[in-house]
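Just below is one structure, and these are the notes that go with it.
The values are calculated or read from the model by the stated rules, or taken from the named source; none is laboratory data. Quick caveat: nothing in here was measured; it's all calculated off a predicted structure. Neighbour counts are summed over all protein chains in view; Cβ atoms, including those assigned to glycine, are modelled from backbone coordinates with ideal geometry. Heavy atoms of the whole protein, side chains included, go into the accessibility calculation; ligands, DNA and RNA do not. Shrake-Rupley method; radii C 1.70, N 1.55, O 1.52, S 1.80 Å.
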Amino acid sequence: MRESSNPVMRGVVRDNQTGYQQPGMNQGGYAGFGAGMAGAGAMANQYGQMQQPYPQQQAPAVGRQLTIDDVVTKTAITLVVLTLSAIASYFVVDSNNALAMPLTLVGGLVGFVLVMVASFGRKQDNPAIVLAYAAFEGLFVGAISFVFANWAVSGDTSAGAMIGQAILGTFGVFFGMLIVYKVGAIRVTPRFTRMLLAGLVGVLVLMVGNLVIGLFNGGEGFGLRSGGPLAIIFSLVCIGLAAFSFLLDFDSADRLIRAGAPSKAAWGVALGLTVTLVWLYVEILRLLSYFNSD
């Protein structure tokens, strides 16, 4: 089984030969190894040899295997923590607008660091890291939601309605891509994965470049976040890439279940789905702010 191409999932989905074992296979990878060695010992005794048969190797306890219910439960727990943190962050900023920037920076930076630790440290199945990410990312989501819904739009726009539209749009895209994946309308092939990752890298480079250039020209950068036609197109591209990224998440979860992964691997799937959901939500909210600005 090939390694996952999703950076967050990488390390959760591992090759069967070095990772999760298939049911009925012993530690050496051959189901009949112990029985075969016992038979060889018996034949040796028939010829008068005093050699003892090799002891049968026992498969290590793997524990309960991953199911789709585990994935749904762990993802729901992660999203509940993120949502509660986001609600608290929103109302804290509402009561003290000066906290908008600190909460956005702290939540976003700490969340990013935790994702890097989980991805490169192969700790995606650690519930403490996943839930800590959800809590800090919730601070970011709540603060950035307040900024977009109250400061980046015209005065007659309802903040609640705009955030509600972004939430509905996010989960609409999520369930739409789930249907696309289940019916096989788009297959997750190596070529598809390479193209998607190339697009993600390209968008990341543009974001960083836009940020760096913006430091020298008053924050405009390349105009990717200015609210003009180019910014709208860029947000649509980001939304499209985030939507297709769900296919990688679903494929990773499918292969984990087929590989007989332990149930704790559901935390890694939850982390990958949450990262994609947050990115999609922020891009949809940003796009709505463009259409509702003066």
With label points set 7 Å from each Cα along the Cα-to-Cβ direction at Phe112 and Ile213, the distance between them in nm comes to 1.9 nm
By the C-alpha gyration tensor axes a ≥ b ≥ c (rounded if a/c is under 1.5, else prolate when a/b exceeds b/c, else oblate), the shape of segment 150-212 is oblate
Of 276-286, 207-217, ordering from highest average Cβ density within 10 Å down gives 276-286, 207-217
So for segment 78-225, using the alpha carbon gyration tensor with a ≥ b ≥ c as root eigenvalues (a/c under 1.5 gives rounded; past that, a/b versus b/c decides prolate or oblate), I'd call it rounded
With all protein chains in place and a 1.4 Å probe, Lys123 shows an accessible area in Å² (nearest 10) of 90 Å²
Burial-style ranking of 262-269, 94-101, average other-beta-carbon count within 10 Å with highest first, yields 262-269, 94-101
Val80 and Val180 label points (each 7 Å along its Cα→Cβ direction) are spaced in nm at 3.0 nm
